[in-house]
Amino acid sequence: MPQRQPTPPRPPESRITGLIPWFAANPIAANLLMLLIWLGGIVGLWVIDKEALPPIRTGAVEIIAAYPGAGPGEVERAVCVPLERAVFDLPGIKRLDSESTEEKCTLHASVQDGYALQDLISAIRSRTHAVPQLPKAVERIEVREQSQGNLIINVVLYGPADDLALKRLGEGMREDLLRIPGVARLGDFSAEAPYEVAVQVSSARLRQLQLSLAEIADRIRQTSLDLPGGVVKSPAGELLLR
């Protein structure tokens, strides 16, 4: 008669350990954790800063000097060049670029890696405020950390009018946009038609005076002065005098 073999003992059941199995076995703790996450999200929604297009920190310093009534050439000679000479050799500056526009000089200083940005800003302020040969019209020099942002709206003006009329209308619209609450800054205003003065001389008058157009152009070039004359404000916008 065959004998029955004894049944081998069962190995002890291994217990599953881990965070997820523990929460699966304790639904109350999982629900409390979910509730805390929801409350933290709601509180953070009210506290956190929200911007559609946040500014980007570039790790650079921006130097802005306003020269009312001056053109780009005069701004470069009288403001940008002295400021560049004053700050170009400061420790921490990796690269220095300048931009001259009507009534404003802007310098961009890139900061070397590992150099304290606020220390460089303080050093630039000390150097720029001590420049002696700046014009008297330059009353304030602004030194700040450069931030880069995106423009939200582009405004294009067109219509059945000449270029000069559109340019004057656009300058007036620029002043109106700056007065709107919430407008932080405006980009550069670009127009295809530059202001100019035309001198016309009849051929009969040229023959009478025995002059040529080249001689008249040379005389005008010698007697004209390229100096800032201020700004005239009107309902149509601002007019730069030179």
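Probing with 1.4 Å while keeping every protein chain in the model, the per residue accessible area of the range 69-165 equals 64 Å².
Taking amide H positions as modeled 1.01 Å from N, with prolines and chain starts lacking one, the residues under 5 Å from Ala60 and 5 or more places away or on another chain are Gln146. Using the Karplus relation 6.51 cos²θ - 1.76 cosθ + 1.60 with θ = phi - 60°, the per-residue 3J(HN,Hα) values for the range 107-123 come to 10, 10, 10, 7, 9, 5, 4, x, 8, 5, 5, 5, 5, 5, 4, 5, 5 Hz, with x marking Gly and Pro.
Using a 1.4 Å probe over the heavy atoms of the protein chains, calculate the carbon and sulfur portion of the accessible area of the range 101-162 as a whole percent. So the carbon and sulfur contribution to the accessible surface is 46 percent.
The values are calculated or read from the model by the stated rules, or taken from the named source; none is laboratory data. It should be emphasised that the depicted structure is a prediction, and the values quoted were computed from it without experimental measurement. With ligands, DNA and RNA removed, areas are computed over all heavy atoms of the protein, side chains included. Shrake-Rupley method; radii C 1.70, N 1.55, O 1.52, S 1.80 Å.
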